[in-house]
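Participant: Below you will find the structure I want to go over with you.
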Amino acid sequence: MDDKILVEKCLSGDQKACKELFDQYASPMLALCNRYFTNSNEAEDAVQDGFIKIFQNLHTFKSDGPLGAWIRRIMVNTCLSKIKSWYSVHMESNEEAFYDRSVEPDAISEISYQEIEILINKLPPGYRTVFNLSIVEGYSYTEIAELLNVTESTCRSQLFKAKNYLARQIIKLNPNLKYSL
């Protein structure tokens, strides 16, 4: 069903249309939430809260863009709100010496998607949040700083540290990999 028609039916109280909207987007939104939370119950709570917000605000959807993008934005904001309230996200600001490590591109192709996902989930909450917003969601440093109420330099630092952490973990998985400092 066309997004505009689906939204209109949901707004008119059609329960089948509401179920269709949920069924269409629940799985990809759960995958999105799982990137922000290491605990599946927390991710499921975020999806539930996100869909409550979606249905409460469906009347504000403007059909000038894709419904999926609008839903995704609400879900990301829901995750960020939960992260802030549950964890008081601590952005690492210590100025330890971090060496920029880069792993050969072929090394990453030798790692499965599940292994990469596990490594990302092992990131500290601040690193993981900035990594997901920047690399996965495509937000700019300015947007991330505004969403998290931190400076752009903090965002850059968190992303740099997240990438280095991931590089170190990839090297641990396969110590024979070539890397540079």
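Nothing in this text is a laboratory measurement; each read-out follows from the coordinates by a stated rule. None of the values given here were measured: they were computed from a predicted structure. FYI the Cβ positions are ideal-geometry reconstructions off the backbone, even for glycines, and counts take in every protein chain you see.
Participant: Report the label-to-label distance for N121 and I135 in nanometres (one decimal), using points 7 Å from each Cα along the Cα→Cβ vector.
Facilitator: Calculated label separation equals 1.6 nm.
Participant: At 0.36 nm per residue, and after removing the present C-alpha to C-alpha distance, how many nm does the segment from S27 to K4 gain when stretched out fully?
Facilitator: Answer, rounded to one decimal: 6.2 nm.
Participant: Within straight cross-link reach of K16, meaning Cα distance under 20 Å, which lysines are found once same-chain residues fewer than 8 apart are removed?
Facilitator: K4, K53
Participant: Just tell me which lysines come within less than 28 Å, Cα to Cα, of K122; anything on the same chain fewer than 8 places away is out.
Facilitator: Result set, ordered by chain and number: K82, K84, K161, K163, K172, K178.
Participant: Also: Taking the Cβ of Y25 as the center, what net charge do the other residues with Cβ under 11 Å away carry, scoring Lys and Arg +1 and Asp and Glu -1? Intermediate results must be reported in sequence, preceding the final value.
Facilitator: Working: positive: R72; negative: D3, E20, D23.
Net charge in that neighbourhood comes out at -2.
Participant: Work through the residues other than P66 whose Cβ is under 10 Å from its Cβ and net out their charges, Lys, Arg +1 and Asp, Glu -1. Write out the running numbers ahead of the final one.
Facilitator: Numbers: positive: R72; negative: D3, D64.
Net local charge, P66 excluded: -1.
Participant: First select every other residue whose beta carbon is under 12 angstrom from the beta carbon of S140; then total the charges, Lys and Arg +1, Asp and Glu -1.
Facilitator: -3
Participant: Semi-axes, largest first, in whole Å: what does sqrt of 5 times each Cα gyration tensor eigenvalue give for the stretch 3-87? Don't skip to the end; give the middle numbers.
Facilitator: Numbers: eigenvalues 112, 31, 23 Å².
Over the Cα atoms of the stretch 3-87, the ellipsoid semi-axes are 24, 12, 11 Å.
Participant: Once both labels are modelled 7 Å past Cα along the beta-carbon direction, what's the N164-D64 spacing in nm?
Facilitator: Each label point lies 7 Å from its Cα, and together they span 4.3 nm.
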